[in-house]
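Quick notes on the structure that follows.
Read-outs throughout are calculated quantities, based only on the coordinates presented, and are distinct from any laboratory measurement. No experiment lies behind these values; they were computed from the predicted model shown.
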Amino acid sequence: MRHVLSATVQNVPGVLAHVSGMLASRGYNIDSLAVGETDDPGFSRMTFVLRGDERVQEQVRRQLEKIVTVVSVDDISSQNYVERDLMLIKVAAPAGPARSNVKELAEIFRGRVVDVAADSVIVEISGTENKIEGFIDLVRPLGILELVRTGRIAMVRGSRPENEASAG
């Protein structure tokens, strides 16, 4: 089972290394990890995607909560949430039909061409994991020269998280 965990952490040096080291030392594999500052520069949000049963998710959550710099941890997998991933992909596309094909695919996937060279283009796409994987599958026959992705980021829909709404 896939779990999306969202952790608010203090924005101090070493937090990412501490958290990822703790997970690795206990044998947990992280499918995706994204970290960024929140609207308060004193805090960052970490979004993890892990695979495992409920027991694994609960163990990971408990371990994260023991870290002093971790303020809160929520498994948002069962809530109504929005998630996105960002990808830059360089595709072989010499001028002509191949380049037109890549541009057309980018438009269909609501991506955009952000760089054009003599023999390639770089396309930027954001969206769900399935959307990104779908685009990769379609351009693979053309020749993927380079690919880089962010980790997944996610946010619970609505004015405040479900656990806060029930408390208030």
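Quick notes on this structure:
- Taking Cα atoms only, the orientation of helix 54-66 departs from the longest principal axis of the chain by about 70 degrees.
- Rounded to the nearest 10 degrees, the inclination of helix 97-108 to the longest alpha-carbon principal axis of the chain is 40 degrees.
- Estimated translational D of the range 2-79 in µm²/s (Stokes, Kirkwood radius over Cα pairs; 20 °C; 1.002 mPa s): 172 µm²/s
- Computed from phi, the 3J(HN,Hα) profile of the range 14-20 under the Karplus parametrisation 6.51, -1.76, 1.60 (θ = phi - 60°) reads x, 5, 4, 4, 5, 5, 5 Hz, with x in place of Gly and Pro.
- Histogram of C-alpha separations across the chain, 5 Å bin width, %: 1, 8, 16, 17, 14, 13, 11, 9, 7, 3, 1, 0
- Derived scalar couplings between HN and Hα for the range 67-81 equal 6, 4, 7, 8, 7, 7, 9, 10, 8, 8, 4, 8, 9, 7, 9 Hz in order, rounded to whole Hz, by the Karplus curve 6.51 cos²θ - 1.76 cosθ + 1.60 (θ = phi - 60°), x for Gly and Pro.
- Evaluating 6.51 cos²θ - 1.76 cosθ + 1.60 at θ = phi - 60° for every residue in the range 122-139, the Karplus couplings come out as 10, 10, 10, 9, 10, x, 6, 4, 4, 4, 5, 4, x, 5, 4, 4, 6, 8 Hz, glycine and proline recorded as x.
- Highest-MSF residue in the chain out of LEU138, LEU50, LEU16 [GNM, Cα springs under 10 Å]: LEU138
- Using C-alpha pairs under 8 Å with a sequence gap of at least 6, the mean separation divided by the residue count of the chain gives a relative contact order of 26 percent.
- Computed from the alpha carbon positions, the gyration tensor of the range 82-153 leads to an equivalent ellipsoid with semi-axes of 21, 11, 10 Å, biggest first.
- Close amide-amide hydrogen proximity is noted between LEU145 and LYS90, VAL91, ALA92, each under 5 Å apart and 5 or more residues distant or on a separate chain (H modeled in the peptide plane; Pro and chain starts excluded).
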